[in-house]
Amino acid sequence: MRMCVAGRVQQDLWLEVRACQQTAAAAKELEHEMVLRIPALSEALKAVEKASQDMAKKGGGKEGTMWDYSRKLDPHEIDDVMSLFAGMQERDDGRSTSRSADYSYYGRCYTLTLFAFK
């Protein structure tokens, strides 16, 4: 399963993680085994959590504020990451094609976005 851009299968996919707009209770639960199996997902979740904690310690933001983090997916990660977006509508903004889904992980809500530049 791959994202198509202009009718072509897209191999250069990116995963973005950011704070979601809804509560963690309203999002699907992200399984810990899935996070461990996908290095890009694990890395992104650790990065936004660390940035959030660092910002809170420095007084630069309120508790729970998260930064965006994006990482290019390795070819062997693509199928596992795509499974997180099964059934999600593809969006096209002219520069990129993307799919997004909200997930909760250890009580925090994250919006995961899979995107490809055109």
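Residue count for region 79-107 satisfying the condition of being of a type in the set (D, E, K, R), farther than 16 Å from Ser42 by Cα and surrounded by fewer than 17 Cβ atoms within 10 Å (Cβ to Cβ): 5. In a residue-by-residue description of region 91-100, the property of being touching a helix residue (DSSP H, G or I) at 6+ places or on another chain (Cβ under 9 Å), closer than 13 Å to Val17 by Cβ and in contact (Cβ under 8 Å) with a residue 12 or more places away in the chain applies to no position.
Read-outs throughout are calculated quantities, based only on the coordinates presented, and are distinct from any laboratory measurement. All of these numbers come straight from a predicted model, not from anything done at the bench. For neighbour counting, all protein chains shown are included, and Cβ atoms are generated from backbone atoms with ideal geometry for every residue, glycine included.
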